[in-house]
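Below you'll find the structure, written out as structure tokens, and then a few comments.
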2 protein chains.
Amino acid sequence: MFERPVYIERRQQLMKAVGSGLVLLTGNEDSSMNYKDNIYHFRQDSSFLYFTGIDRPNLFFLLDIDNNTETLFGNDLTIEEMVWTGYVAPLAEPAAACGISDVKPVSALPSLLERARQRSQQVHYLPPYRPETILKLEEWLSTPAVLLQENASVPLIKAIVAQRSIKSDAEIAEIEKGVNTTNRMQLKAMELAAEGITEYAIAGQLQGLAVSEGGQLSFPTILTVNGQYLHNHAGPTVLRNGQMVLCDCGAETAMHYAGDLTRTFPVSGSFTPKQKEVYKIVLAAYEAAVAFMKPGVLFRDVHFEACEQLVKGLQALGLMKGDVKEAVAQGAHALFFQCGLGHMLGMDVHDMENLGEAYVGYTDTLKKSTQFGLKSLRLGRALEPGFVVTVEPGLYFVPELIQAWEAEGKHTSFINYAKAKDYFDFGGIRIEDDYLVTSAGSRLLGEGLIRKPGF
Amino acid sequence: MFERPVYIERRQQLMKAVGSGLVLLTGNEDSSMNYKDNIYHFRQDSSFLYFTGIDRPNLFFLLDIDNNTETLFGNDLTIEEMVWTGYVAPLAEPAAACGISDVKPVSALPSLLERARQRSQQVHYLPPYRPETILKLEEWLSTPAVLLQENASVPLIKAIVAQRSIKSDAEIAEIEKGVNTTNRMQLKAMELAAEGITEYAIAGQLQGLAVSEGGQLSFPTILTVNGQYLHNHAGPTVLRNGQMVLCDCGAETAMHYAGDLTRTFPVSGSFTPKQKEVYKIVLAAYEAAVAFMKPGVLFRDVHFEACEQLVKGLQALGLMKGDVKEAVAQGAHALFFQCGLGHMLGMDVHDMENLGEAYVGYTDTLKKSTQFGLKSLRLGRALEPGFVVTVEPGLYFVPELIQAWEAEGKHTSFINYAKAKDYFDFGGIRIEDDYLVTSAGSRLLGEGLIRKPGF
């Protein structure tokens, strides 16, 4: 946990921004794997953590703005339960550590919500993403599950996005800790990659490293010789010389801040000339994007800058043709770069994704595009000092997609389909780092990781 | 997957046992961590796997016994989705591999269930343990969530328990694979344990090993110098010479069969004389229990046999007194052995726990006790050849519990509370192996693991 005043100040800021009514923050519960009591590792909800710092399951926090009261709802363990779990401090202790003095059992919550409803006091809550939360809210707010998403509080979402978007120095230090562990995971992957080893043999070691340092993975590791598929996880595939490994992984620190890095490197230790050509294009796009980032610039424009670099490079290889800006405007480049340049990073690897991209990555006036490729850009809005973002351009040769586009005759004035066939067995390349937006521009987070492995 | 006839035969046996109506088996979905699309590793429902072998999320299987039809419900991916996931074979392929020829989209399922309801055809389903399954069944079966547990089909539960309790040779081979990986995890823990290392530094490496071999952990690793708490997980605690590490861990194979072993060993490499005394008592209980196991014997009596050995040993140490059998009958030993001797092991580490202990571990005539200690014995019924069970006696010195019992004046004729205080900082010792019940008695599964580490 951070120091107590941090949480008190965050909650005061939140109350001020939301203005009136009740704010209900739902903590997460344990998630069952193959039977109720065999559980995945517990992951607290990030907004709940942001405002309380309490990392335990089955908690609910109610902030009554109108009456200026704060109550934490949760149950203490009995001695018999502690025979199984070990000693667990009464909830009043962590509550006091974040400045909450009122603690009640969960059973006291539904009637308070019911009373608020009778008084027509608004209950602000965030869009639920876990089914157990949906089941609870359905009952407590007398709202059918299908309406819970659309009835979530936009003022609450906007207030929390505004706060969590700007990272404090202490938060940045935590993210750098996560990035540095991720650096070590990447180096471990490069060290282990060799002819004959399986993808999951490497991925397992990376997970072990993250857990050994007291954290977890911030997302399921993508470690694959089929890097053309954007979220292809590690499998039983055996690595062969001549192939490239795309490793996109991240550690989450014990305080739940994420790192997220990608490197693409050759199994044999050196790229083929063809691989090196494409790698250099991705690297040029990465460098152009980083140079372009500064406060006030739309991240969508940083994305476009990277796309233009990719198109120029693809034109030099004979894969694309025509006007560069026009190709990007029409989305032709998305045949080889089907996703966005990056996203917010924080307690969540796609930070605040559960609050909605419309609020996290866009604004009331800047809406997300529906164009293939651009619709996967999670962040479009103007950068501000304190934002932490990933920069992750890539080139991905997906035979099924190329064939589908060719069959539909899409963007024939920009794409040389004949040439594209030479890359059907190429795979994919991505380079990704994490950056803090500063008043001067941006700063690489963490100790830095070799960006040309195998050159 | 096993060979196709295995699944066909299992389903035929199931249809015969249930007799009539529809059987609905719900596959599991992906579970969200901190936002919808950031997911834990997928774990299929074990009964769904047992009857289909298909290891993918969002599937449902409907078996119409009255009309002898079988249908798998699930949706295929679009090309655009496969840009993200990589190639995924159409569902018809794995369906054919387990002998199911009829595949429909999930949207076709609710109306079929509705039609069955109109025809008063019974829909047999298992007790749901995941909230997303509860939400779906609530809607599809028009049954409120609170009634879903009690309306689950007892004939279906009994039929599946009967089948899954008896492991085939191929299943035993898979379990042994899981046990052998678990052996390697245990050896790794013994190798890493040393003054100054944290619990989670070791636990992370064990998890890495399980994942590296293509599987997962079969349950969250218990690795602690506070072994007196039965399910205390690994934390930031630093290991010190003089302490013991209790490591209870298990690998799950790629086909989802579990290993589950416990060893307790000294951080320094050698036990203190006091630790060795207690260790020998637990080992004697372990050996007595193993010698006692054979078909027809109640596992509850194997448990009692182990308990009596523990009491004898505790009497020799001066911790207990009085008639041994009477002490066990009254549950006095449970102050130091608060749980059961073992449980079924299979695809689930507590095999079939979601189907209910009343059916898995007990029978219509042999009910589970409500006595403290004995009520945590998951398996009581008579052993049969083909059962796979754990044997895991232990001694746990929980100061909070000893003080509570002493204050209540419990079992003063059996317990020397004055002496028990000498063990307040002792911790806990458990020894656990996995056994197959054979016609001759039992057989240790796996290659075997040192049972006296540090002697």
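Just so it is clear, none of the values below were taken in a lab; they were calculated from the coordinates. Since this is a predicted model, take the numbers as computed values, not measurements. As a convention, Cβ positions derive from the backbone with ideal geometry for all residues, glycine included, and neighbour counts pool all protein chains shown.
Worth pointing out:
- Fewest neighbouring Cβ atoms within 10 Å first, the residues A:His411, B:His231 line up as B:His231, A:His411.
- Globularity ratio of the range B:321-451, using Cα Rg and 2.2 N^0.38 Å: 1.20
- Net charge, B:Ser111 excluded, C-beta distance under 12 Å - Lys, Arg +1, Asp, Glu -1: +2
- Measure of compaction for the range B:169-444 (Cα Rg per 2.2 N^0.38 Å): 0.98
- Average beta carbon contacts from partner chains per residue of A:189-201, 10 Å cutoff: 1
- Residue ranges A:322-331, A:307-316 sort as A:307-316, A:322-331 when ordered by packing (mean number of other C-beta atoms within 10 Å per residue, highest first).
- Among residues of chain B, the one whose beta-carbon sits closest to the B-to-A rotation axis is listed with its distance in Å as B:Gly208, 1.
- For the range A:4-165, the Cα gyration tensor yields ellipsoid semi-axes of 25, 19, 16 Å (square root of five times each eigenvalue, largest first, whole Å).
- Per-residue Cβ neighbour counts within 10 Å put A:Ile202, B:Ile65, A:Ile197, A:Ile100 in the sequence A:Ile197, B:Ile65, A:Ile100, A:Ile202, beginning with the fewest.
- From phi via Karplus (6.51, -1.76, 1.60), per-residue ³J(HN,Hα) for the range A:176-184 in Hz, x at Gly/Pro: 5, 4, x, 5, 5, 5, 5, 3, 5
- Cβ-vector label at 7 Å, A:Ser270, separations to other copies in nm: 5.5
- Burial ranking of peptide ranges A:40-50, B:232-242 (average Cβ count within 10 Å, highest at the top): A:40-50, B:232-242
- Inter-copy label distances at B:Glu81, using a point 7 Å along Cα-to-Cβ, come to 3.9 nm with the shortest given first.
- Mean per-residue shielding of peptide A:82-91 is 5, counting Cβ atoms of other chains within 10 Å of each Cβ.
- Shielding of B:43-50 by partner chains, average beta-carbon count, 10 Å: 2
- Three principal axis lengths of the protein assembly as shown [C-alpha, angstrom, descending]: 93, 63, 61
- Neighbour counts of C-beta atoms inside 10 Å place B:Leu187, A:Leu345, A:Leu383 in the sequence B:Leu187, A:Leu383, A:Leu345, starting with the fewest.
- Helices in the protein assembly as shown, meaning DSSP H runs of at least 4 residues, each add -39500 (n - 2.57). Divided by all residues, the mean residue ellipticity at 222 nm is -11500 deg cm²/dmol.
- Starting from the label point of B:Asp102 at 7 Å along Cα→Cβ, the same points in the other copies fall at 5.8 nm, in ascending order.
- The range A:4-165: antiparallel DSSP beta bridges as a percent of all, rounded to 5: 65
- Note on the range A:153-215: Cα-Cα pairs beyond 14 Å make up 68% of the total pair count.
- 27 Å Cα-Cα threshold exceeded, pairs from B:Lys294/B:Lys368; A:Lys16/A:Lys294; A:Lys276/A:Lys421; A:Lys274/A:Lys312; A:Lys36/B:Lys367; A:Lys188/A:Lys368: A:Lys16/A:Lys294; A:Lys188/A:Lys368
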